[in-house]
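Everything on this sheet refers to the single structure shown next.
The values are calculated or read from the model by the stated rules, or taken from the named source; none is laboratory data. Here the structure is a predicted model, which is why all the values come from computation and not from measurement. Positions of Cβ are backbone-derived with ideal geometry, glycine not excepted, and every protein chain shown enters the neighbour counts. Areas reflect the complete protein model, heavy atoms only, side chains present, ligands, DNA and RNA absent. Shrake-Rupley method; radii C 1.70, N 1.55, O 1.52, S 1.80 Å.
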Amino acid sequence: SRDISRFDAQRLSRGFRVSFITAAPDGTRATNDEVVTLASVAAILRDSGWSTSFAAASDSHEYTDHRFAAHAPLARARIMRLIDVPSDLPLEPYTREFLDHASRVPDLAHRRAQEAAQDWVRGFDAEHIDHDVLVSPIPLPPPTGVLNGDFGLPRLASLSSALIAFAWPFNTLGWYSIAVAGVQLSARPRD
């Protein structure tokens, strides 16, 4: 039911401008195997007429160290509205710790982190304005049951950090993304 009248078949036949990212904004670098996968995908797209390039690593930004303060209080408020948690409700350790930590983010820190997030979004978008699609590595998730709520917040964060290093930026940006065979393709909402 979506209006796709803006879709330009001629543009697709000419190929999109694709940029490959091997360093996440938080400094996480793609592994050698992930770089090989990205190079293979770049070759396939180039052979199909798409313009490809590898992006330089982005400069660090204060937002990357303050993502929790920017988003957790809002997530906590949504969760609390959705599940209306009584204080004695048994929750898995991760959820209980997340809600507890998110409730302790000072309002001033939250506002400053949100301002930093907006600044980072503007900069990242401007840095990649000349590309239609950004491609980054995305590790395959661990086996079912490994990332469960039985771990506390720090342990689960350490287990999932490599998995989300290239995913969180596009969640923050609100860009459409899809992960296929070890790579993530992302495009701006307006595109």
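Observations on the model:
- Exactly one residue out of Arg76, Arg29 is over 17 Å from the mean Cα position of the chain (by Cα), among the charged types (D, E, K, R) and within 23 Å of Asn171 (Cα to Cα), and it is Arg76.
- Some residue of the range 170-182 being open to solvent by 80 Å² or more (accessible area, probe 1.4 Å), under 30 Å from Leu45 (Cα atoms) and modelled with pLDDT under 85: yes
- Among the conditions (1) touching a residue at least 40 places away in the same chain (Cβ under 8 Å); (2) in a loop (DSSP other than H, G, I, E, B), Pro90 misses just one, which is (1).
Residue-by-condition table, conditions (1) under 21 Å from His61 (Cα atoms); (2) of a type in the set (Asp, Glu); (3) within 15 Å of the chain's Cα centre (by Cα); (4) open to solvent by 80 Å² or more (accessible area, probe 1.4 Å):
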position	(1), (2), (3), (4)
Asp125	yes, yes, yes, no
Pro142	no, no, no, no
Gly145	no, no, no, no
Leu153	no, no, no, no
Ser160	no, no, yes, no
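- Flag for Leu82 being open to solvent by less than 70 Å² (accessible area, probe 1.4 Å), modelled with pLDDT under 90 and of a type in the set (A, V, I, L, M, F, W, C): no
- Test: residue in the range 88-105 that is open to solvent by 40 Å² or more (accessible area, probe 1.4 Å), modelled with pLDDT of 90 or more and of a type outside the set (D, E, K, R): yes
- Some residue of the range 107-127 being on the phi < 0 side of the Ramachandran plot and assigned to a loop (DSSP other than H, G, I, E, B): no
- Each residue in the range 39-66 was checked for being open to solvent by 60 Å² or more (accessible area, probe 1.4 Å) and under 19 Å from Asp26 (Cβ atoms), and 7 pass.
- Ser136 vs. criteria without any contact (Cβ under 8 Å) to a residue 24 or more places away in the chain and surrounded by 16 or more Cβ atoms within 10 Å (Cβ to Cβ): no
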